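Each remark here refers to the structure printed beneath this line.
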Amino acid sequence: MLYALIPLEVILILYALGRSGLTLILGVSFTLVVLYLWSSRHRFGDGLMPLERREFPWLYDGIAKLAERAGIGMPKVYLLDDYIPNAYSFGNTIVLSLGLFEVLDRDEILAVAAHELGHIKNGDTILFPLITYGRYLFAVTTLTLLLLGSNIVKFLALLLYIGYEVERSSFMKGREFKADETALRLLRVPLSLRKALEELKYYEDLRETVKVSGVPSIEPSIERERKFTFIPETHPTYEERIWRITYEMNQLANRNLQ
Amino acid sequence: MEPHEFKLNEEGIKAVLPPLEAEIMEHMWKVKVATAGQVYEYMKEKHPDIRRSTVSILMNRLCERGLLKRRVERGRGGMRYIYSITTTREEFEVRVVQSILDALMENFREATYAYLSKIKK
């Protein structure tokens, strides 16, 4: 569905604006391709330090084994100087923040790395940027159609934009679940992924809670910036992921028993 | 760190810091330098249910308050954050007393003078 919406948008803009529409699409697409190529060749973010095997042999070897099990090459691994536990991936690269090492044990950190390897194996690290750039394309063309199009074109443009946002959210959530499923199959201790998510959820909850009865007087002032948005979430909640992981683990256990 | 609040019913630095942060600072003033993992092991003895996340959040909050500072250490044991104190306990106490007296002098100048002179006697 997501892939069908982009050609529909292109058809709509060609119908509404003719040659100018074609120029607009080619111009925006060219800019986005250049942006994509540039960003895929550059490191994301400051404070990234390459993982050295001599410093972290257990982590390096652990990720190498997971990559081998996944049937992909050893990814580039960077450590991020950030005390907030976080991980992300792009291209063939995994980034783990130093904050992860303060709150998770070794198996749990490898589980987080396995989830990111799942994204690489499933092609998400290529798909996600394309979908995001598709969103920019939609934003520019929708705005143009809202300014220049007839009433019916305006209506259709808005409908397509909302459709793209809803589909994008559902697609990306689905890919997060898929990365978890891949990680469960790669891990020696699948339970560690659930434990890692439970600890990360606890961390987030603690940061967001003004006063928690179990830990009096904790009023963390380090909450993440809250974004005001009407756009649907692209990440499933920790609860959703933990529930799905538990279900998947039970399925795996049942299959092993048969 | 300038204290903004003084709890009359609390003892020691718990009067100006939340209880768990005060406990972490007491420990940090003793050891001066530690990782969050080491502080977690210490805190766990007194609070068996405490989690690594709690200690990490509190230590970073103490960094924001300016009582601790954090740096990355690289070595054979891996890469990790090392926390160290920015001020001694004595310096911190002096700053607390100064802040409170400044606030009292600003708001209740005469009464504060009168009481301090009475204490001298």
Given A:Ser150, A:Ser169, which one is open to solvent by 20 Å² or more (accessible area, probe 1.4 Å) and touching a residue at least 60 places away in the same chain (Cβ under 8 Å)?
A:Ser150
Of the residues that sit in region B:52-75 and are out of contact with any Asp or Glu (no Cβ under 7 Å at 6 or more places or on another chain) and among the basic types (Lys, Arg), which one is nearest to the other protein chains (Cβ to nearest Cβ)?
B:Arg70
List pairs: first in region A:180-194 and in a loop (DSSP other than H, G, I, E, B), second of a type outside the set (Val, Ile, Thr), Cβ under 6 Å, 6+ apart or cross-chain?
A:Leu187/A:Ala111; A:Leu187/A:Ala114; A:Val189/A:Asp107; A:Pro190/A:Leu184; A:Pro190/A:Met249
Could you identify the single residue in B:Met59, B:Met79, B:Met43 that is out of contact with any His (no Cβ under 6 Å at 6 or more places or on another chain) and more than 16 Å from B:Glu23 (Cβ to Cβ)?
B:Met79
Does A:Leu200 satisfy the condition of being within 14 Å of another protein chain (Cβ to nearest Cβ) and at pLDDT 70 or above?
yes
Across (1) open to solvent by 10 Å² or more (accessible area, probe 1.4 Å); (2) more than 14 Å from every other protein chain (Cβ to nearest Cβ), A:Trp58 clears everything bar (2)
If only one of A:Leu48, A:Leu35 is within 30 Å of B:Arg61 (Cα to Cα), touching a Phe, Trp or Tyr at 6+ places or on another chain (Cβ under 9 Å) and hydrophobic (A, V, I, L, M, F, W, C), which one is it?
A:Leu48
Within region B:1-49, restricting attention to residues that are in contact with a Gly (Cβ under 9 Å, 6 or more places away or on another chain) and not in a loop (DSSP other than H, G, I, E, B), which residue is most open to solvent (accessible area, probe 1.4 Å)?
B:Glu26
Can you confirm whether region A:71-78 contains a residue that is among the small types (Gly, Ala, Ser) and within 14 Å of chain B (Cβ to nearest Cβ)?
no
Can you spot a residue in region B:86-93 that is within 14 Å of chain A (Cβ to nearest Cβ) and either closer than 30 Å to A:Gly47 by Cβ or charged (D, E, K, R) (or both)?
no
Would you please name the residue that is surrounded by the most Cβ atoms within 10 Å (Cβ to Cβ), looking only at residues in region A:61-70 that are away from chain B (no Cβ under 14 Å) and among the small types (Gly, Ala, Ser)?
A:Ala67
State whether one or more residues within region A:84-101 are surrounded by fewer than 17 Cβ atoms within 10 Å (Cβ to Cβ), within 14 Å of chain B (Cβ to nearest Cβ), at pLDDT 85 or above and under 20 Å from the mean Cα position of the chain (by Cα).
yes
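The values are calculated or read from the model by the stated rules, or taken from the named source; none is laboratory data. Fair warning: this is a prediction, and the values are worked out from it, not measured in the lab. Note that we place each Cβ from the backbone using ideal geometry, even for glycine, and neighbour counts take in every protein chain shown. What goes into the accessible areas is simple: the full protein's heavy atoms, side chains included, and nothing from ligands, DNA or RNA. Shrake-Rupley method; radii C 1.70, N 1.55, O 1.52, S 1.80 Å.
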